[in-house]
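Single-structure report; data block below.
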Amino acid sequence: MSAGGWAVGAGLGAVLGVAAVLLHERSLRRALAQQQAGMIAAVETIGDKVLADGTVVAGLPRQRAGASAAVPELETVGARSGEGQLEHAVTGLLVAARSSFESTVLQELVSQADPLHQATHDPLTGLLNREALMTTAAEVVSLASKHHPLSVLMIDLDRFKDVNDSLGHGIGDRLLAQVGPRLRTALRPGDTIARLGGDEFAVLLPTAGEDGAQLVAERLSEALETPFEVDGMDLHVEASIGIAVSHRPSRPSTHTVEGLLREAEIAMYRAKGEGAGVVVFEPEHDSGHGRSRLELSAELRRAITQWQLVLHYQPVVDVVQGRLAGVEALVRWEHPDRGLLPPAMFLPLAEQTGLIIPLSKLVLAAAVEQAATWFRAGYPVQIAVNLSPRWLQHADVPEIVSSVLSLHDVPPELLRLEITESAVLAQPQQALPLLNRLREMGIGLSLDDFGTGYSSMTHLRHLPVDELKVDRGFVDAMTTSPQDAVIVRAAIELGHNLGMDVVAEGIENADTLAEIVSAGCSLAQGYYFARPLPPDDLLIWANERFPGFGVDQPASRHS
Ligand code: C2E
Ligand code: MG
Ligand code: MG
């Protein structure tokens, strides 16, 4: 498809004649408008789509799309061989791209969800991947019965996040690469083990009931007892294991793969919560409210492809000069059923599942697009975007930042990126050159949540940042805790002495504001000024608060 075209499951269509579909009416309407405006080249759907108001969008002929009917979202479409074996399975996703940049990101995402692309194995551990497990399990589950139950074990490493955070993802990955095969050794030939993602593994025991499953769980735990040697370090690993059994005497039983995985996961979380090592699922564990991580991550993936995410903007105020110094873009999930969800409710999952990468790229693109809109309207507002620690480990950040800026024709001074110390210190060799490149491109860099990480003066001196954001935990406590007040004052002075701007975060009242101003800090952010606001409200707020705000008062740190 030509550049700027609609994202139709890259590679999938080309190889197999099956394409991802686009069904979301809102996205479709937006795409059509953009096509009319010449912003994108083509809008393609499989088969004609009739919108609510009767508008007909002519789609690809079905033969070309290769599917006999419109492919439902995340549906696996395949051809079966004579023996009934699944060949050429491809997974279609709903995709809704607004620009060629988004289209590229979404295509990456689609190809990640494509079992053909990833084949059936997890490249890191060599074990089966999730899709392959689901296919195998579906067959096995259909054969299970009261006399021949099967069990599913869900295994999640304990405190694996600490390994990633303190030693870096490189070490974390090398550890996982050893853990997978080690777990395999505890199993018998007919058993199936897969890595579901992150530090999560699942085991399928096709002929084991509860006792057999307990035994295997013990063997799996034992297999992890010998420390793993990674880069000359001995790493100790423990795991929490949840067990679900398909047919148990005198208990309601579950007969689907999804159901068993969900139960095993609930039991696994219980094991984690209780520090119990192994827990067998019981119906009373299931509150019915909590959704499994598998379900949630599928939902989040959908939220990204259908762009249910919105950005709100919180002002950073220069209280001495009395002007808007910039805004921080903060992502929210406009959940169709649960309303507006704060980042704390979905970013950790995004980080664990890798969805944070496409999410971050789209957040960046949306923020830069907003900067462009304001800029063209005579409001050169600098927008700060939080850079995910995980994305910081990919060398492509500067390249993508620069392409997004040029796509929207936004000067680099209008973008600021916020990073955290621990993200940089996890892999300094990788992060530092990347940050230096961003600095050279003219992009402002802020060190976020300053004071919460393992700050070190030595490191700070070498970090190419031009701004410190003192964490709201300390700032908020200033008026009540003399110790915290000392820390904030010291941080402000330290930042200024290193030639940096300092922003006090979390200003909720006039007293705290007075404290930080008396400590020499003029940049402040917090509910006292405004909560994060939708873009239109932010502009109204800024115009009311700073009359004449606009062209003659550029909103960026140094002006
Ligand atoms: P952060 O970067 O430190 O953002 C500031 C957080 O403090 C925001 O929470 C903001 O709403 C909140 N806040 C600001 N002023 C006050 C105040 O006066 N009182 C209180 N109690 N809170 C205040 P939010 O929006 O929930 O975001 C939480 C964190 O999620 C952010 O912390 C940031 O680390 C992360 N985050 C948000 N959006 C993104 C994103 O697009 N990408 C990435 N990678 N992370 C994001
Ligand atoms: Mg921030
Ligand atoms: Mg912060």
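Any read-out appearing in this document is the output of simple, stated calculations on the displayed coordinates, not a laboratory observation. Because the structure is a prediction, the values reported are computed rather than measured. All Cβ positions, even for glycine, are placed from backbone atoms using ideal geometry, and neighbour counts span all protein chains on display.
Numbers below:
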quantity	calculated
Spatial separation of Cα centroids for the stretch 493-515 and the stretch 202-273, in angstrom	49
For the stretch 505-519, Karplus couplings with θ = phi - 60° (6.51, -1.76, 1.60), whole Hz, Gly/Pro x	8, x, 6, 10, 8, 5, 5, 5, 4, 4, 4, 6, 5, 5, 8
Distant-in-sequence amide H partners of residue 503 (H built 1.01 Å from N, under 5 Å)	468, 469, 470
Loop-resident sites, the stretch 331-438, for trypsin sites (Lys or Arg not before Pro), counting at most 12 other Cβ within 10 Å (DSSP)	338
Highest average packing first - 396-409, 200-213, 168-181, Cβ atoms within 10 Å	200-213, 168-181, 396-409
From phi via Karplus (6.51, -1.76, 1.60), per-residue ³J(HN,Hα) for the stretch 406-413 in Hz, x at Gly/Pro	6, 4, 9, 6, 10, x, x, 5
Under-5 Å amide H pairs with residue 239, H placed in peptide plane, nonlocal only	158
The stretch 387-462, Cα convex hull volume normalised per residue, Å³	85
For the stretch 228-245, Karplus couplings with θ = phi - 60° (6.51, -1.76, 1.60), whole Hz, Gly/Pro x	9, 9, 10, 6, x, 9, 8, 10, 9, 10, 10, 9, 9, 10, x, 10, 10, 10
Principal semi-axes in Å for the stretch 319-453 [√(5λ), Cα gyration tensor, largest first]	22, 20, 16
Segment residue 493-residue 377, length gained on full extension (0.36 nm per residue, minus Cα span)	38.1 nm
Under 5 Å, built H, 5+ apart or other chain: amide partners of residue 325	316, 317, 318
Candidates per chymotrypsin sites (Phe, Trp or Tyr not before Pro) in the stretch 503-548, loop by DSSP, up to 14 other Cβ within 10 Å	527
All Cα pairs of the stretch 308-545, percent lying beyond 34 Å	11
